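Chemist: Okay, handing you the structure first.
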Amino acid sequence: MINKLVTEIKSVINSSRNEAIRSVNFARVLMYHNIGRIIVTELQDNNERADYGSSLLKNISDSITPEFGSGFSVRILELTRRFYMIFPNSNALHSNLNWTQYRLLTVIDNNDKRDFYIAEAVKNNWSSRQLERQINSHLYERLLMSNDKESVLAVARNVKHPETAKEIIKDPMILEFLGLEKKAHYYEIEFETAIISHLQEFLLELGNGFSFVARQKRIHLEDDNFFIDLVFYNRLLKCFVLFEIKNHKLTHQDLGQLQMYVNYYDRIEKLPEENPTIGVLLCADKNDTMVSFALPENNNTILASSYKLYLPSEEQLISEIKKEINELEEKRANYETKI
């Protein structure tokens, strides 16, 4: 009896503390929003010249910093001005996003991109660190590789649920959080162990709806044993998702192996009301044309995603996308010419 009461009281205390922290954080957001409003109004009513704006911000900072501290530097005041200009309506601000998160969002110039990260951060209750990581890993751009902009935004806003694995699985997957040293070769078991050690971060990279099921899942077929590297379940897609890790360039044999695992899960593990199992080959490199010809044209269950052990720059990511598209179009054109 006493244990139950103590548990309930602890729950109330933690809930109240979290609510208090959220209220304080949002009060800070509104404070900076109001400061930005005052600065913007002053600049609009007086002089829009850059030298006037710079001197105004410096004068404000010099006047209030001695009393209120370093949180009101010229750089912060400029951020509040931009913050207000991007989010002029205070009623549209989300109470569960803090000032650090809004600072990250304010530097994003693309409106659709910013709306995407706002929706995802609110829906998934991301911390400031998680939001920063997703922005730095270019989550928005990676999802756009296999989806149109409207679909990406609709899923983020919960307007629609993802219908295929391509709407969730990213290519490439960015795994810098594994902390692996840069070297020419890793054993697959090392890679898998690192993922398990950083499972929370890996689930964040996977995205919405994933939960961990098993590691090295044993399949016994007559006298042979096989082991699936990682098994997850996605509640949005309502299906199992199997991951096979390959530390080399993808081969058609790898695809065949994963197809066997997917077939096994569909016939043995999957419940009648669940959707077909999805298989993902997480590989060091891949030939997209080989993958497309090795699988049926209507394939929706076997995917290949390359992994990166570092955070790419936006320029690197865009360059890589263009390169893959050009190579795929060139190979397709050559194949059609031969036919």
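The values are calculated or read from the model by the stated rules, or taken from the named source; none is laboratory data. It should be emphasised that the depicted structure is a prediction, and the values quoted were computed from it without experimental measurement. Virtual Cβ from ideal backbone geometry, glycine too; neighbours counted across all protein chains shown.
Chemist: If the Cβ limit is 7 Å and pairs must be 6+ apart or interchain, which residue in region 125-138 that is surrounded by fewer than 19 Cβ atoms within 10 Å (Cβ to Cβ) pairs with which residue that is among the β-branched types (V, I, T)?
Modeler: Pairs found: S128/T100.
Chemist: Still on this structure, please answer the following. Pick from S23, S54: which is part of a helix (DSSP H, G or I), of a type outside the set (A, V, I, L, M, F, W, C), at negative phi and modelled with pLDDT under 80?
Modeler: Numbers: S23 fails: modelled with pLDDT under 80.
Just a single option satisfies the conditions, and that option is S54.
Chemist: For residues that are outside any strand (DSSP E or B) and hydroxyl-bearing (S, T, Y), scanning just region 258-310, find the one that is farthest from H138 (Cα to Cα).
Modeler: Step one: filter region 258-310 for residues outside any strand (DSSP E or B), giving 258-277, 286-301, 309-310.
With hydroxyl-bearing (S, T, Y) added as a condition, the list becomes 261, 264-265, 277, 289, 292, 301, 310.
On the way: Y261: 31, Y264: 35, Y265: 33, T277: 27, T289: 25, S292: 25, T301: 25, Y310: 12 Å.
In this case the residue turns out to be Y264.
Chemist: Check L255, L237 and return the single one that is under 22 Å from K170 (Cβ atoms) and either free of Cβ contacts under 8 Å to residues at least 40 places away in the same chain or not in a helix (DSSP H, G or I) (or both).
Modeler: Details: L255 fails: either free of Cβ contacts under 8 Å to residues at least 40 places away in the same chain or not in a helix (DSSP H, G or I) (or both).
Residue meeting the stated conditions: L237.
Chemist: Looking at region 121-172, which of its residues are more than 27 Å from S95 (Cβ to Cβ) and not in a loop (DSSP other than H, G, I, E, B)?
Modeler: E141, R142, L144, K149, E150, S151, A165, K166, E167
Chemist: Being under 16 Å from F210 (Cβ atoms) and either free of Cβ contacts under 8 Å to residues at least 12 places away in the same chain or in a strand (DSSP E or B) (or both) is the requirement here; does D229 meet it?
Modeler: On the way: under 16 Å from F210 (Cβ atoms): yes; either free of Cβ contacts under 8 Å to residues at least 12 places away in the same chain or in a strand (DSSP E or B) (or both): yes.
Here the answer is yes, as D229 does meet what is asked.
Chemist: Evaluate the following for Y117: is it buried (at least 19 other Cβ atoms within 10 Å of the Cβ), free of Cβ contacts under 8 Å to residues at least 24 places away in the same chain and either hydroxyl-bearing (S, T, Y) or part of a loop (DSSP other than H, G, I, E, B) (or both)?
Modeler: Numbers: buried (at least 19 other Cβ atoms within 10 Å of the Cβ): yes; free of Cβ contacts under 8 Å to residues at least 24 places away in the same chain: yes; either hydroxyl-bearing (S, T, Y) or part of a loop (DSSP other than H, G, I, E, B) (or both): yes.
Yes: the conditions hold for Y117.
Chemist: So is Y265 in the same structural domain as L199 (by TED's automatic domain parsing), crowded, with 21+ Cβ neighbours inside 10 Å and under 28 Å from the mean Cα position of the chain (by Cα) or not? Reasoning before the result, please.
Modeler: Details: in the same structural domain as L199 (by TED's automatic domain parsing): yes; crowded, with 21+ Cβ neighbours inside 10 Å: yes; under 28 Å from the mean Cα position of the chain (by Cα): yes.
Answer is yes for this residue.
Chemist: Same structure again: Scan region 94-113 residue by residue and report those that are within 18 Å of R157 (Cα to Cα) and surrounded by fewer than 17 Cβ atoms within 10 Å (Cβ to Cβ).
Modeler: The answer is H94, S95, N96, N110, N111, D112.
Chemist: Does at least one position in region 30-51 carry a residue that is modelled with pLDDT of 90 or more and either acidic (D, E) or touching an Asp or Glu at 6+ places or on another chain (Cβ under 9 Å) (or both)?
Modeler: For region 30-51, residues modelled with pLDDT of 90 or more and either acidic (D, E) or touching an Asp or Glu at 6+ places or on another chain (Cβ under 9 Å) (or both): absent.
Chemist: Of the residues H94, H33, which is within 22 Å of I135 (Cβ to Cβ) and in contact (Cβ under 8 Å) with a residue 60 or more places away in the chain? Quick ask: steps written out before the conclusion?
Modeler: Details: H94 fails: in contact (Cβ under 8 Å) with a residue 60 or more places away in the chain.
Exactly one of H94, H33 is within 22 Å of I135 (Cβ to Cβ) and in contact (Cβ under 8 Å) with a residue 60 or more places away in the chain, namely H33.
Chemist: Would you check if V152 is in contact with a Ser or Thr (Cβ under 7 Å, 6 or more places away or on another chain) and farther than 21 Å from N25 by Cα? Talk me through it step by step, then tell me what you get.
Modeler: On the way: in contact with a Ser or Thr (Cβ under 7 Å, 6 or more places away or on another chain): no; farther than 21 Å from N25 by Cα: yes.
It is false that V152 is in contact with a Ser or Thr (Cβ under 7 Å, 6 or more places away or on another chain) and farther than 21 Å from N25 by Cα.
Chemist: N234 passes all but one of (1) under 20 Å from R133 (Cβ atoms); (2) surrounded by 20 or more Cβ atoms within 10 Å (Cβ to Cβ); which number fails?
Modeler: The failed condition is (1).
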